[in-house]
Amino acid sequence: MTEDQIDLYARISHSRTADEVVQQIELLILEGILRDGDRLPGERELSKRFDVSRPILREALKELETRGLVESRHGGGTFIADVVGEVFSKPLIELIGRHHKATQDYLEYRRELEGLTAELAATRATDFDRDILTRIIERMRTAHRDGDFNDELASDVELHQAIGESAHNIILMHTLRACYRLLTQGIFFHRNSVFDAPGARDRLLSQHEAIYDAIMAGDPKAAKAAAQSHIDFVAASTREAERTGEWARIARLRLQQRDQAS
């Protein structure tokens, strides 16, 4: 760790109780600094960095595990648990997946959420946030140039999540994470169908760059408009993909019927 780096697990400065350790780790999770799947340092190192005894640390970790915030893996250490979870129950997710009407409602909801998030990010992003956004947009550009479809998709979600973090609103950030989880699981629509449309990848990159540029310029109005325009494009592309897919299905059935009749 260099001199200008901040230790996440800083020395407990008060009475050094298990409750204080719990509170410090809870805040790291709440603020999105520690994410599900992140591994905590080993017990010896963590107790040293917190400057607490190992029995106090064990008590704190046990309490965090009871609260469902961390999980111990036999022989593998302690990890941040999946605190985001599912925004909907499994039966409702399956129901949504069977009825496409929910897709446009989901995108309508995201349009307002993304607009607000970009607007806040443009006014609240710190230099560190901007550095993260720049790294992601550069990665997205590289993936686009190299034709690395999977990395471009991954960068897409990563950029939106980083914008959510730059808004510095805890509730908004965790709500967005739940939304993006549904997106990556393909619950509402397959992102491939949007990317596969002619010229779509170029347009999507330009849209992401417009959101990024507005945030970097500190222009909340432009950031909101760019974010909502992006979702409008995704919604239109999704409708078109569904429409052309349905046309293809009908045409195939007609051809099949003609072949059988001849």
(message) As I understand it, the dipole of segment 101-180 uses +1 on the Cβ of Lys and Arg and -1 on the Cβ of Asp and Glu, about the Cα centre. Which of 176, 123, 109 lies farthest toward its positive end?
(response) 109
(message) At 1.4 Å probe radius, can you tell me the per residue accessible area of segment 57-163 in Å²?
(response) 56
(message) Could you sort the peptides 167-175, 207-215, 225-233 by per-residue average Cβ neighbour count (10 Å cutoff), highest mean leading?
(response) 207-215, 225-233, 167-175
(message) If I model a spin label as a point 7 Å beyond the Cα along the Cα-Cβ vector, how far apart are those points for residue 170 and residue 33 in nm?
(response) 1.3
(request) Please work out how much length the chain gains when fully extended from residue 62 to residue 135, using 0.36 nm per residue of separation minus the C-alpha to C-alpha distance, in nm with one decimal. (result) 22.6 nm
(message) Quick query: amide H of residue 38 versus all other amide H atoms, modeled in the peptide plane; which residues come in under 5 Å with a sequence gap of 5 or more or a different chain?
(response) 80
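The values are calculated or read from the model by the stated rules, or taken from the named source; none is laboratory data. All values reported here derive from a predicted model rather than from experimental measurement. Note that each Cβ is placed from the backbone with ideal geometry, even for glycine, and that neighbours are counted across all protein chains shown. Keep in mind that these areas ignore ligands, DNA and RNA; they rest on the heavy atoms of the full protein, side chains included. Shrake-Rupley method; radii C 1.70, N 1.55, O 1.52, S 1.80 Å.
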